[in-house]
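*Asks:* Pasting a structure here, questions to come.
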Amino acid sequence: MPARTASDVIARLQSNPPHLWVDGAPVDDPTTHRYTANACHSLAALYDLQHQPDLVDTMTFKSPTTGDRVGMSFLVPETREDLERRSAMHQVWANSHLGFMGRAPDYLNVNVMAAGMAADYFSGNDPRFGPNMANYFEYVRENDLALTHALTNPQIDRSKRDSEHSDPYIALGVVRETDEGIVVRGARMLATLPISDEILIFPSTVLQRGDDMNRYAMSFAVPNDIEGLSYQCREPLDLGRSHADHPLGSRFDEMDAMVYFDDVLVPWDRVFLMNDVELANRAYGDTGAVLHMAHQVVNLKIAKTEAILGTMQAAVDMIGTGQYPHVQEMVAETIIVLETMKAFRVASEAGATVNQYGVMTPLRGPLDAARNFYPKVYQRLVEILRLVTSSGLIMIPTAADFDGPMGESINKYLGSAGGDAETRVRLMRLAWDMTISGFGGRQAHYENFFFGDPVRMRQALYNVYDRSAYVDRVTKFVDNTTWPN
Ligand SMILES: Cc1cc2nc3c(=O)[nH]c(=O)nc-3n(C[C@H](O)[C@H](O)[C@H](O)COP(=O)(O)OP(=O)(O)OC[C@H]3O[C@@H](n4cnc5c(N)ncnc54)[C@H](O)[C@@H]3O)c2cc1C
C-alpha cells in the first residue's frame, strides 16, 4: 500500500485494534472510544496531508521498490538536500499539530530507516537479523505503518540490576527460543502513541554489563494486536470537552502506556538483535538512528516554539502589554530560543556526512546540543507564557458559559484591546492548554524526559564530546607564557 490516507489509518486501527486498557476497561475500538477517538483522528489527519495536491512532493517520494509514492520520512538521505527535503516534511506534520504530538510517526520512521540501512550491524549479531531489519524497514515504508516504542524497563528499584528483582521477568526478557521465534515476558515503558499499528522494541538504551543481562538485550517488532501484548494507558487527558474549551487536549492526547508482554511469541523474521549487551547498548549510536531521530525532534521543537511564540505575541497584543520592557524582554528570550533551535537544525544539515551504511547523517554536535538545551529551556518557555498572560490563563469561561445567562457579562468584561471576549478566551484557552492544564503539565514533563533522563544525557555529552584540541591550544598558550611576567 502506498502512502496511506486518514481513512486507511482509521480502518487499520479498527480491523487491528491495539490491546489498550484505559480506566480499568479494554478499548474495543480506539477510533470511537471516548478517550482515544480524537487522538486517533488527529493521527489519521496527518496521513491525509500526504495527499494534499500542493504537498504531495513535500510529503512523499517514489518508492525504490514499487514506484508508488510513499512517506517522505522513509527517504534514505543521500545528500544534504535530502535531509532538507525531509525537514520540510517534518515541519508540515509538526505545524499541523503545533508541535504538540511528540510521537508523530515520522519520529520512528526515521529510526526504522537508519536501522534498516544498517542491516550489517544486526547481522553482526546473527546473519538472519540484518535482512530482518532491512525487510522490516521496507515493510513499514510500503505499508506506511505508525509505530510506538518502549525503551526502558520498569521503575521498580534503580539500585538493582534488572536480573536482581524478585522476578527476573519484570524487565522485558527472552524466556525461551522455539522453532517459530522467541518468547518474551515482562514489561517496558513508556510507550507514547499506543494508538498505532506496531511496537518497535529497540535495545534499552543502556543496559548494565554482565551475562545476567543478556536476556534483556533485544530488538524486535510486533503488531499491537498480537496475542499476549497489552497496553496499560495512563489516565486520559482528553476529558471529552470541545475543541473550543480544550483546544490541544481534545485533539492531541497521544496517550502514554506501560507495555506488558505476557509470553509473546515474536516470529524469527521480526527479531533484530538478542543476547548481546554490547551490541544492544551501541545500536542507537552506531546505526545513526539516534541522529536521524534527533533531527526530526529539532524540526518538531522548532514548530512547537513557533506556536508558543505566536500564542505569546497574540496574547501580548490582545491585552496591550507590548510596551512594557520586561514583556519585550521575555518575548525576545523566546525568539532567541527559536533562532537557536533553527541554527542547530541548519548546522546539523550543513555538517552532515555519509555514514558507513551509505546514509547522509546529520552532524552530531548540534543535535546533542539541541537535545540537552531544549528540555531545560522548554520549562522557561512555559514560564514566560504564564507570566505574560497571568490571570488571562485563569479567566477562561467555557463555551457553555458564553451561551448561558452570564454571557452578557462575559462579553462585556472579558473583551480586550485586540478582540472580543470570545476571541480572547479562545486564545487564552490555547495558552492554558500549552501551560497549566493537565495536557500542558504532561507536555512539560514529556519535554524533560522523552529523549531520556536529562542528567544522563549531559553525562553522555561529557563523555563523548571531543575537546582535546581546545585543551591542547590552552595548554600551549599557558606553556608559552613566561612566568611571572
Ligand atoms: C511523558 C513521557 C513520555 C515518554 N515516552 C516515551 C516513549 O514513547 N518511548 C520510550 O521508550 N520512552 C518514553 N519515555 C520514557 C523516557 O525514556 C524515560 O522517562 C527516561 O528515559 C528516564 O527514565 P525513567 O523514567 O525510567 O527514570 P529513572 O531512570 O527511573 O530515573 C528517575 C530519577 O533517578 C535518576 N537516576 C536513575 N538512574 C540513574 C543513573 N544510573 N544515574 C544517574 N541518575 C539516575 C534520574 O536522573 C531521575 O532523576 C517517556 C517519558 C515520559 C515522562
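*Asks:* Does segment 160-182 contain any residue that is open to solvent by 10 Å² or more (accessible area, probe 1.4 Å), away from the ligand (no atom under 16 Å from the Cβ) and of a type in the set (A, V, I, L, M)?
*Replies:* Looking for residues that are open to solvent by 10 Å² or more (accessible area, probe 1.4 Å), away from the ligand (no atom under 16 Å from the Cβ) and of a type in the set (A, V, I, L, M), one finds at least one in segment 160-182, hence yes.
*Asks:* Give me a count of the residues in segment 155-193 that are touching a helix residue (DSSP H, G or I) at 6+ places or on another chain (Cβ under 9 Å) and within 30 Å of Phe439 (Cα to Cα).
*Replies:* The qualifying residues number 9.
*Asks:* From the list Ala421, Ala417, Ala400, which one is in contact (Cβ under 8 Å) with a residue 60 or more places away in the chain and either out of contact with any helix residue (DSSP H, G or I) (no Cβ under 7 Å at 6 or more places or on another chain) or more than 16 Å from the ligand (Cβ to nearest atom) (or both)? I'd like the intermediate steps shown before the answer.
*Replies:* Details: Ala421 fails: in contact (Cβ under 8 Å) with a residue 60 or more places away in the chain; Ala400 fails: in contact (Cβ under 8 Å) with a residue 60 or more places away in the chain.
Step by step, each of Ala421, Ala417, Ala400 is checked, and only Ala417 is in contact (Cβ under 8 Å) with a residue 60 or more places away in the chain and either out of contact with any helix residue (DSSP H, G or I) (no Cβ under 7 Å at 6 or more places or on another chain) or more than 16 Å from the ligand (Cβ to nearest atom) (or both).
*Asks:* Which one of these does Ile226 not meet: (1) under 24 Å from His97 (Cα atoms); (2) open to solvent by 10 Å² or more (accessible area, probe 1.4 Å)?
*Replies:* (1)
*Asks:* Taking the condition of being of a type in the set (D, E, K, R), farther than 17 Å from Cys40 by Cβ, part of a loop (DSSP other than H, G, I, E, B) and under 19 Å from the mean Cα position of the chain (by Cα), how many residues in segment 92-127 meet it?
*Replies:* Matching residues across segment 92-127 total 0.
*Asks:* Would you please name the residue that is nearest to the ligand (Cβ to nearest atom), looking only at residues in segment 63-105 that are closer than 30 Å to Thr435 by Cβ and open to solvent by 30 Å² or more (accessible area, probe 1.4 Å)?
*Replies:* Taking segment 63-105 first, the residues closer than 30 Å to Thr435 by Cβ are 73, 87-105.
Among the residues that remain, those that are also open to solvent by 30 Å² or more (accessible area, probe 1.4 Å) are: 88, 91-92, 95-96, 98.
Values: Ala88: 24, Gln91: 21, Val92: 22, Asn95: 21, Ser96: 20, Leu98: 17 Å.
Across segment 63-105, the extreme among qualifying residues is Leu98.
*Asks:* Something else now. Within segment 109-123, does at least one residue satisfy the condition of being farther than 30 Å from Gln52 by Cα, more than 13 Å from the ligand (Cβ to nearest atom), surrounded by fewer than 19 Cβ atoms within 10 Å (Cβ to Cβ) and free of Cβ contacts under 8 Å to residues at least 12 places away in the same chain? Before you say what the answer is, go through the steps one by one.
*Replies:* From segment 109-123, those farther than 30 Å from Gln52 by Cα are 118-123; that's our starting set.
Filter once more, keeping what is more than 13 Å from the ligand (Cβ to nearest atom): 118-123.
Next, from what is left, pick out any that are surrounded by fewer than 19 Cβ atoms within 10 Å (Cβ to Cβ): 120, 123.
From what's left, free of Cβ contacts under 8 Å to residues at least 12 places away in the same chain: 123.
Checked segment 109-123: at least one residue is farther than 30 Å from Gln52 by Cα, more than 13 Å from the ligand (Cβ to nearest atom), surrounded by fewer than 19 Cβ atoms within 10 Å (Cβ to Cβ) and free of Cβ contacts under 8 Å to residues at least 12 places away in the same chain.
*Asks:* How about segment 239-265: which of its residues are within 19 Å of the chain's Cα centre (by Cα) and either under 14 Å from Asp23 (Cβ atoms) or part of a strand (DSSP E or B) (or both)?
*Replies:* Selection gives Asp253, Met255, Asp256, Ala257, Met258, Val259.
*Asks:* OK, next. Check Arg185, Arg209 and return the single one that is basic (Lys, Arg), more than 12 Å from the ligand (Cβ to nearest atom), more than 19 Å from the chain's Cα centre (by Cα) and assigned to a strand (DSSP E or B). Before you say what the answer is, go through the steps one by one.
*Replies:* Working: Arg209 fails: assigned to a strand (DSSP E or B).
After applying the criteria, what remains is Arg185.
*Asks:* Next question. Can you report the number of residues in segment 273-297 which are open to solvent by less than 10 Å² (accessible area, probe 1.4 Å) and free of Cβ contacts under 8 Å to residues at least 12 places away in the same chain?
*Replies:* 0
*Asks:* Of all residues in segment 298-317, which are crowded, with 20+ Cβ neighbours inside 10 Å and either part of a loop (DSSP other than H, G, I, E, B) or more than 25 Å from the chain's Cα centre (by Cα) (or both)?
*Replies:* Ala315, Val316
*Asks:* Where in segment 374-485 are there helices (runs of 4 or more DSSP H), lying fully within it, with 2 or more residues that are open to solvent by 80 Å² or more (accessible area, probe 1.4 Å) and either out of contact with any His (no Cβ under 9 Å at 6 or more places or on another chain) or not hydrophobic (A, V, I, L, M, F, W, C) (or both)? Working first, answer last.
*Replies:* Details: elements: 399-403, 407-413, 421-435, 438-449, 454-464, 468-479.
Output list reads 407-413, 421-435, 438-449, 454-464, 468-479.
*Asks:* Of all residues in segment 32-69, which are touching a residue at least 24 places away in the same chain (Cβ under 8 Å) and among the charged types (D, E, K, R)?
*Replies:* Scanning segment 32-69 gives Arg34, Asp48, Asp68, Arg69.
The values are calculated or read from the model by the stated rules, or taken from the named source; none is laboratory data. Nothing here was measured: the structure is a model prediction, and the numbers come from that model. With ideal geometry, Cβ positions are generated from the backbone for all residues, glycine too; neighbour counts draw on all protein chains shown. Just the protein is used for accessible areas: all its heavy atoms, side chains included, with ligands, DNA and RNA removed. Shrake-Rupley method; radii C 1.70, N 1.55, O 1.52, S 1.80 Å.
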